[in-house]
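Single-structure report; data block below.
The values are calculated or read from the model by the stated rules, or taken from the named source; none is laboratory data. Since we're looking at a predicted model, the values are computed, not measured. FYI the Cβ positions are ideal-geometry reconstructions off the backbone, even for glycines, and counts take in every protein chain you see. Please note that ligands, DNA and RNA were not included when accessible areas were found on the heavy atoms of the full protein model with its side chains. Shrake-Rupley method; radii C 1.70, N 1.55, O 1.52, S 1.80 Å.
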Amino acid sequence: MTANPLKANPDDENEVHDLDEFQDAGACIVTPVASLPAVAANALVHAMAKVVRDGHVAETALTPDDDGVVRAQYFEEGHVYMLAKPTDGYTASRYIMDLFNVGERAACSRMHYHTGARMVRLITGQDTTIHVSALSPFRYTYVDGVTPFKLRVERDLMPDSTRERYSFWVPESSIVDLQIPRGTAHQFNSFGDNAVIDTIHPEETIEAFREKMSGLRMMAQTVFLSDGFPAVEDCGGELGRR
């Protein structure tokens, strides 16, 4: 893995690079984990979303702590809460994201990549699906006798570009894992109100040091590949409700 910084401005929270010139550093690995009864899925999603929502009204979570860390953060895919922060001798952190319903917002999140690797667990409840896209083909983990379901996949072009886009849908009341290498583009868009992401940043302090960032902020650890937000029709639209 290269040690070179990926960003031009380390603390910029809206750094945009050219989509057509960008090249992925790797490919995302997708693993379907479980299909849950709707009642169980809703209970899990709502309990995790409550942590995020409580964090965003708690003064202590909105204020820098002794290490300068603000636990309640915003990302354009959803509100975020840092559940576990890095410490001396432990570089990883853990976040929960309460995903926005892009159908209600009437705009999708942008394609982007991060300055470090991510281990993402996507969790849906009832009446909710997540459209996940990338610029490189996904690698799917299907183990006979173990993997609970196969995913609905798509292939099309990015809006206003000749770049191909590869996508899959996280079905209702399901759990799907996604391994994202550093510098590898992706985007998540939730259709419905019941979706969370449980994410581990395995090298958060390392990536902040490598990029010479002044703190730990998800938006600063991100590079976007467009200036504007795509229309809902450009990230699945009504297909998400099927």
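Computed quantities for the displayed model
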{"item": "Residues of region 181-219 classified as in a loop (DSSP other than H, G, I, E, B) and either among the aromatic types (Phe, Trp, Tyr) or open to solvent by less than 10 Å² (accessible area, probe 1.4 Å) (or both), total", "result": "4"}
{"item": "Near pairs, Cβ below 8 angstrom, 6+ apart or cross-chain, from region 51-74 (in contact (Cβ under 8 Å) with a residue 24 or more places away in the chain) to any residue that is open to solvent by 50 Å² or more (accessible area, probe 1.4 Å) and part of a loop (DSSP other than H, G, I, E, B)", "result": "55/71; 70/63; 70/64; 70/217; 73/217"}
{"item": "Count of residues meeting criterion [farther than 30 Å from residue 147 by Cβ, modelled with pLDDT of 95 or more and of a type in the set (Gly, Ala, Ser)] in region 35-81", "result": "4"}
{"item": "Any hit, region 86-103, residues being of a type outside the set (A, V, I, L, M), at pLDDT below 95, surrounded by 13 or more Cβ atoms within 10 Å (Cβ to Cβ) and within 30 Å of residue 151 (Cα to Cα)", "result": "yes"}
{"item": "Test: residue 126 is in contact (Cβ under 8 Å) with a residue 24 or more places away in the chain and open to solvent by 50 Å² or more (accessible area, probe 1.4 Å)", "result": "yes"}
{"item": "Hey, residue 144 of a type in the set (Asp, Glu), in contact with a helix residue (DSSP H, G or I) (Cβ under 9 Å, 6 or more places away or on another chain) and either open to solvent by 20 Å² or more (accessible area, probe 1.4 Å) or more than 27 Å from residue 211 (Cα to Cα) (or both) or not", "result": "no"}
{"item": "Scan of region 202-240 for residues that are at positive phi and in contact with a strand residue (DSSP E or B) (Cβ under 8 Å, 6 or more places away or on another chain), ordered by number", "result": "236"}
{"item": "Residue 152 vs. criteria within 22 Å of residue 20 (Cα to Cα) and of a type outside the set (A, V, I, L, M)", "result": "no"}
{"item": "Residue selected from region 55-85 under the condition charged (D, E, K, R) and open to solvent by 70 Å² or more (accessible area, probe 1.4 Å), by the criterion nearest to residue 194 (Cα to Cα)", "result": "59"}
{"item": "Index of the failed condition, residue 160 passing every other in (1) assigned to a loop (DSSP other than H, G, I, E, B); (2) touching a residue at least 24 places away in the same chain (Cβ under 8 Å); (3) open to solvent by 50 Å² or more (accessible area, probe 1.4 Å)", "result": "(2)"}
{"item": "Residue within region 23-42 that is without any contact (Cβ under 8 Å) to a residue 60 or more places away in the chain, closer than 30 Å to residue 135 by Cα and loosely packed, with under 13 Cβ neighbours inside 10 Å present", "result": "yes"}
{"item": "Residue that is touching a His at 6+ places or on another chain (Cβ under 6 Å) and under 24 Å from residue 132 (Cα atoms), where the choices are 52, 80", "result": "52"}
{"item": "Test for residue 47: is it closer than 30 Å to residue 173 by Cβ, among the hydrophobic types (A, V, I, L, M, F, W, C) and part of a helix (DSSP H, G or I)", "result": "yes"}
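Residue by residue, here is whether (1) touching a Ser or Thr at 6+ places or on another chain (Cβ under 8 Å); (2) assigned to a strand (DSSP E or B) holds:
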site: 39; (1), (2): no, no
site: 61; (1), (2): no, no
site: 68; (1), (2): no, no
site: 80; (1), (2): no, yes
site: 95; (1), (2): yes, yes
site: 107; (1), (2): no, no
